[in-house]
Amino acid sequence: MPAANDTRSRAPHLPPEERRAALIAATRDALLEHGTVPTTKQIAAAAGVAEGTIFRVFDSKEDLLDAVMTESFDPAPLLAEIDAIDPALSLRDRLYRFTELVQARFQRIFGLMDALGLVAPPHRRDRDADRRAKDGGPALVTRLRGVIGDDADQLSVPPEEAIHLLRLLTFSGSHPHISDGHVLSPRRIVDVLLDGISAQPSTARRNSPP
């Protein structure tokens with residue numbers, strides 16, 4: 001009976017690329033859950049595979065961890081989610097959704113780096129992956145420009161300045177150390193950007209000296 005249970009707990013046979021993706025996902029989730037580097041035994045258990053399966057897919061545990069970080073820095077999934085934001089939403093709601101997506105990515109990366117003891121993004125040996133990650137910043141700016149779209153006239157500053165401020169607020173407000181453990185919600189970030197914190201009317205703020 002135990003043997004039957006063990007068999008049922010194992011993941012079904014998957015094609016190589018799907019098995020690779022499953023191991024990456026299991027390792028990523030274990031890193032985020034425990035905040036430390038899991039053992040290969042823990043990774044195998046999370047993925048529902050035998051421990052030896054890991055080394056039939058990856059040359060070493062370090063290669064697996066590299067793959068996790070490469071996947072996490074790939075901007076393609078985030079850009080696709082941003083492209084799916086409903087343009088019929090109000091500007092505020094579009095920015096809420098944009099900030100929610102970007103914050104989730106930041107927090108995932110921050111968590112992984114903390115678990116791995118990294119203080120800076122890791123060096124990527126895959127040149128194509130490195131190029132994609134570096135291209136992600138400009139692509140994100142382009143997407144945010146599209147999110148603002150024809151509603152730029154609702155802003156009191158040029159779109160490029162609004163984009164710069166939103167990126168700064170989202171990064172710093174999402175980092176657990178920079179925010180002193182008080183991470184800002186996406187709504188709070190956007191509301192501060194659009195409404196400020198002054199009790200003065202907005203016209204008074206616009207007419208005040210720089």
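The values are calculated or read from the model by the stated rules, or taken from the named source; none is laboratory data. All values reported here derive from a predicted model rather than from experimental measurement. When we count neighbours, we look across all protein chains shown, and the Cβ atoms used for this are built from the backbone with ideal geometry, even at glycine.
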**Item:** Every residue from the range 1-41 that is at pLDDT 90 or above and either farther than 20 Å from residue 71 by Cα or surrounded by fewer than 14 Cβ atoms within 10 Å (Cβ to Cβ) (or both)
**Value:** 33, 34, 35, 36, 39, 41
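Would you be able to say whether some residue in the range 137-144 is more than 28 Å from residue 192 (Cα to Cα) and part of a helix (DSSP H, G or I)?
Within the range 137-144, none of the residues are more than 28 Å from residue 192 (Cα to Cα) and part of a helix (DSSP H, G or I).
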**Message:** Of the residues 159, 122, only one is within 21 Å of residue 33 (Cβ to Cβ) and surrounded by 14 or more Cβ atoms within 10 Å (Cβ to Cβ); which?
**Reply:** 122
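What are the residues in the range 82-96 that are crowded, with 17+ Cβ neighbours inside 10 Å and free of Cβ contacts under 8 Å to residues at least 60 places away in the same chain, if any? First the steps, then the outcome.
Going residue by residue through the range 82-96, those that are crowded, with 17+ Cβ neighbours inside 10 Å are 82, 85, 91, 94-96.
Answer for the range 82-96, where residues must be crowded, with 17+ Cβ neighbours inside 10 Å and free of Cβ contacts under 8 Å to residues at least 60 places away in the same chain: just 94.
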**Prompt:** Only one of (1) aliphatic (A, V, I, L, M); (2) closer than 24 Å to residue 101 by Cα; (3) out of contact with any Pro (no Cβ under 6 Å at 6 or more places or on another chain) is not met by residue 44, so which one is it?
**Reply:** (2)
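When you scan the range 114-136, how many residues do you find that are free of Cβ contacts under 8 Å to residues at least 24 places away in the same chain and assigned to a helix (DSSP H, G or I)? First the steps, then the outcome.
First, the residues of the range 114-136 that are free of Cβ contacts under 8 Å to residues at least 24 places away in the same chain: 117-120, 123, 127-128, 130-131, 134.
Okay, now just the ones that are also assigned to a helix (DSSP H, G or I), so 127-128, 130-131, 134.
Going through the range 114-136 one residue at a time, the tally reaches 5.
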**Matching residues in the range 168-187 - criterion: being part of a helix (DSSP H, G or I) and either in contact with a Pro (Cβ under 6 Å, 6 or more places away or on another chain) or touching a residue at least 12 places away in the same chain (Cβ under 8 Å) (or both)** = 169, 170, 171, 173, 174, 186, 187
**Request:** Of the numbered conditions (1) assigned to a helix (DSSP H, G or I); (2) touching a Leu at 6+ places or on another chain (Cβ under 9 Å), residue 164 fails exactly one; give the number of that condition.
**Result:** (2)
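Residue by residue through the range 120-170, note down the ones that are charged (D, E, K, R) and modelled with pLDDT of 95 or more. Please lay out each step first, then the result.
As a first pass, look at the range 120-170 and keep what is charged (D, E, K, R): 124-128, 130-132, 134-135, 143, 145, 150-151, 153, 160-161, 167.
Of everything in the range 120-170, those that are charged (D, E, K, R) and modelled with pLDDT of 95 or more turn out to be 143, 145, 150, 151, 153, 160, 161, 167.
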